[in-house]
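S.K.: I'd like to ask you about the structure that follows.
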Amino acid sequence: MEGGHEWACRWCLPARPDSVRLARDLLHNWLDRHQWPEDAAEDLVLAVSEAVTNAVEHASPAGAPREWVEINADLVPAPHAPDGGPCRQARVVIRDEGQWRPFLADTDDLARPRGRGPALIRSITARLTTDTGGHDRGTWMTLLSHPVPGPGGRPSSAVPQRPDRA
């Protein structure tokens, strides 16, 4: 339990490049088990992949060996759709031992050669928050997916559709 919260799933992976693919696979399988719509799952898996990549690259203080990246996920209720159907969102927290680099993250300029992960994550999730917490806590990135219908539910006008998938 973290801060009194029991997560639906928790993965602690080595802070290595091959953990990015493992994180994608684990999250995609978890979303499949919860009947997450495929398009919404692809967006969230991409967002988490970007966050985990950032954590792997910067997971430890300068000069220290990279240790781990922790991923916690759960489902939270979302506001009901106009048709009264239930909606839900996935919340995913990626935590590492590293220090946040604000000079790379304080822009939404997708034309830059590096540091575009946070901008991409914000563009495909409902919310991204970053807690840099100081040297002893590392960095926490919390992603909240766009709302999706409850299991077995039909898409609703309350669930945003990307223009290329509407």
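The values are calculated or read from the model by the stated rules, or taken from the named source; none is laboratory data. These numbers come from a predicted model, not from an experiment. Virtual Cβ from ideal backbone geometry, glycine too; neighbours counted across all protein chains shown.
S.K.: So which pairs qualify, if the first residue must be in the range 44-66 and of a type in the set (D, E, K, R), the second must be at pLDDT 90 or above and surrounded by fewer than 18 Cβ atoms within 10 Å (Cβ to Cβ), the Cβ gap must be under 7 Å, and the two must be at least 6 apart or on different chains?
M.R.: Listed pairs, sorted by first residue: 50/120.
S.K.: Within the range 28-81, count every residue that is closer than 24 Å to residue 116 by Cα, at pLDDT below 90 and of a type in the set (A, V, I, L, M, F, W, C).
M.R.: Of the residues in that region, 5 qualify.
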